[in-house]
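Reading through the structure tokens given below for one structure.
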Amino acid sequence: MLIHNIEVYRIEVPLHKPFRTALRTVDACHDIVVKVQCDDGIFGLGSAAPTPAITGESQESMIRAIKDFIAPSLMGLDLSHRVLIQDLIKSSLPGNSSAKAAIDMAIYDAWCKLHKISLPAALGGDCRKLTTDITICLDTPETMLTDTLEAISKGFESFKLKVGGALEEDLERISKVVLGTDNKFEYRVDANQAWSVDDSILICAKLADLGFNIPFVEQPVKSRDFEGLKKVSKSSPLRILADESCFSYRDALTLAQMDACDLFNVKLMKTGGIDEALRIIDLATEYGKECMISSMLESKLGITCAAAIACARPSINYLDLDASHMQRIDPFIGGVNISGPNIEFPNGFGHGISDVANLLTT
Ligand SMILES: [Mg+2]
């Protein structure tokens, strides 16, 4: 069970409509797929999505990070030494969290197959049914309401409203959606760093006064402005979630010790791997914080691995794993079953994705 080959591929998955947030607009997923092959025929698959505006990584940079730095250090290693392998992935080069996450998923997948267990079981949980929200892209108030009503018709009851314009415009967007749906659902608000500290405090107070069912406001201020985030959090009647501020366990520990937020948004593309994500979730429990597990605009493979973490940690209160709904095709064979807001992890070994169609060589 020695690692004897690591291949990296590209995939292109078109979207139903452009994905728009305060940080970026994209019209297709340009992900990578990693295949770790062992000498006894066992293989593992991983994937990653480039999100330059958040992680600083492009499709090309992820390919180079794996081919030039990570893969060479893993050749010939015994797959059963999973923790050693994952330590080498972490120390292979600084940053590059999404590239590291892709190869970490592949190692976990292969290791689970070796031990004939599912990924949720390997993480200490069990396959179970999950429920996700759906993202409503940044747009005019009218279009955001139309998109929300369409999602309601598909069974969704929780929405992540992407905002990030002028304060009055964002209030109008949120009000249009909430009042247009009788405030009967759950409306998560994500500003993607777009507001100033003062505007964040103002808008959170107004939203609270309006009595909208908003469980939290996500990343109102710039990612590295921990003091600003804390100021908003202390002033806001609504709870504040850290997303772009929280990549690593170290970020989460700093934020928790500062008491700068109420929740963490955990994404594999930021943590660089499954174990680091689990560490953040367990830290949150220790500090009385809550967690959402989420994804970038990434493939079903990434969604499946994030779902495995949710299966393994019932302390996760919120799921934001809707990226598959935005994609026009699904080239992945196996993995989670997705129907509207419902996600079900299948029984089987590893993450359950056995193959990927239309892989492009690199
Ligand atoms: Mg976010």
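Descriptive notes on the structure:
- Test: residue in the stretch 1-19 that is in contact with a Pro (Cβ under 7 Å, 6 or more places away or on another chain) and exposed (fewer than 15 other Cβ atoms within 10 Å of the Cβ): no
- Residue count for the stretch 148-177, restricted to those that are within 22 Å of PRO341 (Cα to Cα) and surrounded by fewer than 20 Cβ atoms within 10 Å (Cβ to Cβ): 7.
- Single match in ARG188, ARG128 (criterion: more than 16 Å from PHE19 (Cα to Cα), modelled with pLDDT of 95 or more and out of contact with any Gly (no Cβ under 9 Å at 6 or more places or on another chain)): ARG188
- Taking the criterion of being closer than 19 Å to ARG224 by Cα and surrounded by fewer than 18 Cβ atoms within 10 Å (Cβ to Cβ), the residues of the stretch 250-296 that qualify are ARG250, LEU253, THR254, GLN257, MET258, ASP259.
- Residue match in the stretch 3-10 (condition: out of contact with any His (no Cβ under 6 Å at 6 or more places or on another chain), away from the ligand (no atom under 16 Å from the Cβ), outside any strand (DSSP E or B) and not polar (S, T, N, Q)): no
- Some residue of the stretch 283-294 being closer than 15 Å to ALA101 by Cα, in contact with an Asp or Glu (Cβ under 9 Å, 6 or more places away or on another chain) and within 15 Å of the ligand (Cβ to nearest atom): yes
- Residues in the stretch 197-242 that are within 16 Å of the ligand (Cβ to nearest atom), under 19 Å from ASP170 (Cα atoms) and part of a loop (DSSP other than H, G, I, E, B): ILE214, PRO215, PHE216, GLN219, PRO220, VAL221, LYS222, LEU238, ARG239.
- Qualifying residue in the stretch 337-349 (condition: touching a residue at least 60 places away in the same chain (Cβ under 8 Å), within 16 Å of the ligand (Cβ to nearest atom), more than 20 Å from HIS16 (Cβ to Cβ) and not assigned by TED's automatic domain parsing to the domain that holds LYS17): no
- Candidates ALA65, ALA28, ALA22 - the one that is in a strand (DSSP E or B) and of a type outside the set (Asp, Glu): ALA28
The values are calculated or read from the model by the stated rules, or taken from the named source; none is laboratory data. Note that the coordinates shown come from a computational prediction; the quantities given were computed from them, not determined experimentally. FYI the Cβ positions are ideal-geometry reconstructions off the backbone, even for glycines, and counts take in every protein chain you see.
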